[in-house]
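Q: Below you will find the structure I want to go over with you.
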Protein chains: 2
Amino acid sequence: MSENSQVARDNVVARRAGGSSAVDAAAGRILDLIRARRLNVGDVLPTERELSEITGASRNTVREALRTIRTYGLIEPKPRVGAVLADGQSIAIQNFFAAHMDVSRSSFADIQGFRRIIEVGIGDHIVLNATNEQIEALDEINARIVDSRSIEEAAENDFNFHMALVGLADNRMLTDMYSFLSPVILRIMTIGKEMRPVLADTRAAHGEIIAALRARDRLAYAYLMSRHLDFALRFLPEEPASESD
Amino acid sequence: MSENSQVARDNVVARRAGGSSAVDAAAGRILDLIRARRLNVGDVLPTERELSEITGASRNTVREALRTIRTYGLIEPKPRVGAVLADGQSIAIQNFFAAHMDVSRSSFADIQGFRRIIEVGIGDHIVLNATNEQIEALDEINARIVDSRSIEEAAENDFNFHMALVGLADNRMLTDMYSFLSPVILRIMTIGKEMRPVLADTRAAHGEIIAALRARDRLAYAYLMSRHLDFALRFLPEEPASESD
DNA sequence: GCAACTTATTGTTGGACCACAATGGGAGTC
DNA sequence: GACTCCCATTGTGGTCCAACAATAAGTTGC
């Protein structure tokens, strides 16, 4: 019993010297480990008991740290094997936003507002620098929307169009952010198409935007893109329509 | 010892009957509880032991569930009080970005390009919606730049100006991103001021932007902001010093 | 009014058990 | 003898429990 408290005290001392919280410290250690060993998707982490030894924390603490990392979608536990480095970004972000949608419904509008600023803002660069081939490629992607067999597929094609557009901005930060936000944007698009499944309209709106690019008309592009994104926003459940809430 | 295993088996049975994972089930129960009791920001959750009784899971399981919710930024634990419903979306989003995005790979030029799209893009909204008081507040922040004692302080004041500007866009996603990017942006500003430490110029450029806002002149704002950010870019090194990390 | 004490709560630990999957060895078969 | 199948063993995550430490709110004594 007394050695129990002794060990506890030592660990507490180590914790206070290290960081603010034992769980946070352990999480940091584990993330450092992933970086140091250059682990990639599919690789496995040491077992919880080994991590417990490595980090100097108890297995319970390690588990809480892993739970945090897991919530970020970076790892996925696999029984008998260990935690596997995962590409669970999509699910994690969806869960993240799902947890927040209950609290604040403004998030959807914020994301759409963000998109509008970005996609309108990149117009100047695209109009000036995009090659004709790139614009034609956009047209090709756009054509796939009406061929979609399901709403999900349509949303994916829709997203591909916008992602390709953002790619023309030639800015890594932007493309990274769009990849990061892709699950949420896809979800917004899916909801929009469920409520108003007229794929031809989406294609036509995109077509107008492409036409503005072909004509190298910045003002037309800004106007059309802005209208296009505003229009999508109108069909989102942003209004507190449900009285039960 | 045998009653120990008996309890464990019962709980496992209860778990399998309930859902997929005890932790997930507990997290769902807790979120339901928050919704059912209509808890708002600032309200406190029941204690872990009470939640343990409510959910039928052990305190350890409850803790892992709370850790998940906490990672989402919905609650914040307070010793002796309990978990408090928090508005920690900002920090949670920042952590998500930190976990998933590698800013260091983006070049300074990319980040400045991103900034230009954002800060020019929000012009319309600001020109239309900002109150005179908000614009005057911007002016006040801007005035502090020339009083700065050090380059770091000047960079910080510079950043504060741009952050306040972005805040006027009234979009949480944007402000969160700027908070997240703040270290990088600050670094860019510091470098810029080291190379060309004429604080009066920065203040003057900001002043012109503020004047455009006062006049509610979108075009002038877009032009001046674009020029301002482009100008900063000119003094940055071509290749970001990735070795410092 | 302030300081010391009490107490309730989270934070952390170590230990235990269960379910499950992989592994390997042994028995049986060709 | 080689191959196959079955089953025990083993190791891992998932869950639970009991205890102690740290902390801060509340209480009491002066």
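Q: Please work out which residue is farthest from B:VAL120 (Cα to Cα), limiting yourself to region B:207-244 and to residues that are among the aromatic types (Phe, Trp, Tyr) and at pLDDT below 90.
A: For region B:207-244, the residue satisfying everything is B:PHE235.
Listed here are the residues, each with its yes/no results for (1) of a type in the set (Ser, Thr, Tyr); (2) within 17 Å of the chain's Cα centre (by Cα); (3) at pLDDT below 90.
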site: A:ASN129; (1), (2), (3): no, no, yes
site: A:ILE135; (1), (2), (3): no, no, no
site: A:GLU140; (1), (2), (3): no, no, no
site: A:SER148; (1), (2), (3): yes, no, yes
site: A:GLU153; (1), (2), (3): no, no, yes
site: A:ASN160; (1), (2), (3): no, yes, no
site: A:ALA164; (1), (2), (3): no, yes, no
site: A:ARG172; (1), (2), (3): no, yes, yes
site: A:THR175; (1), (2), (3): yes, yes, yes
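Q: I need the full set of residues from region A:48-57 which are within 11 Å of DNA strand D (Cβ to nearest atom) and either crowded, with 16+ Cβ neighbours inside 10 Å or on the phi > 0 side of the Ramachandran plot (or both), in order please.
A: Residues satisfying the conditions are A:GLU48, A:LEU51, A:SER52.
Q: For region A:163-173: of the residues being crowded, with 22+ Cβ neighbours inside 10 Å and part of a helix (DSSP H, G or I), which is nearest to the other protein chains (Cβ to nearest Cβ)?
A: Result: A:MET173.
Q: Out of the residues in region B:34-47 that are touching a residue at least 12 places away in the same chain (Cβ under 8 Å) and either touching a Gly at 6+ places or on another chain (Cβ under 8 Å) or over 13 Å from B:GLY82 (Cα atoms) (or both), state the one that is surrounded by the most Cβ atoms within 10 Å (Cβ to Cβ).
A: B:LEU45
Q: Given the conditions (1) within 11 Å of DNA strand C (Cβ to nearest atom); (2) over 29 Å from A:ILE185 (Cβ atoms); (3) at pLDDT below 90; (4) within 13 Å of chain B (Cβ to nearest Cβ), and given that A:ALA57 satisfies all but one, which numbered condition is not satisfied?
A: Going through (1) within 11 Å of DNA strand C (Cβ to nearest atom); (2) over 29 Å from A:ILE185 (Cβ atoms); (3) at pLDDT below 90; (4) within 13 Å of chain B (Cβ to nearest Cβ) one by one, A:ALA57 breaks only (4).
To keep it simple, each residue is scored yes or no on (1) in a helix (DSSP H, G or I); (2) under 18 Å from A:GLY207 (Cα atoms); (3) away from chain B (no Cβ under 14 Å).
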{"position": "A:GLU136", "(1), (2), (3)": "yes, yes, yes"}
{"position": "A:ASP139", "(1), (2), (3)": "yes, yes, yes"}
{"position": "A:ALA143", "(1), (2), (3)": "yes, yes, yes"}
{"position": "A:GLU153", "(1), (2), (3)": "yes, no, yes"}
{"position": "A:ASP158", "(1), (2), (3)": "yes, yes, yes"}
{"position": "A:ASP176", "(1), (2), (3)": "yes, no, no"}
{"position": "A:LEU181", "(1), (2), (3)": "yes, no, no"}
{"position": "A:LEU186", "(1), (2), (3)": "yes, no, yes"}
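The values are calculated or read from the model by the stated rules, or taken from the named source; none is laboratory data. None of these values were measured; they are calculated from a predicted model. So basically every Cβ, Gly included, is an ideal-geometry build from the backbone, and we count neighbours across all protein chains shown.
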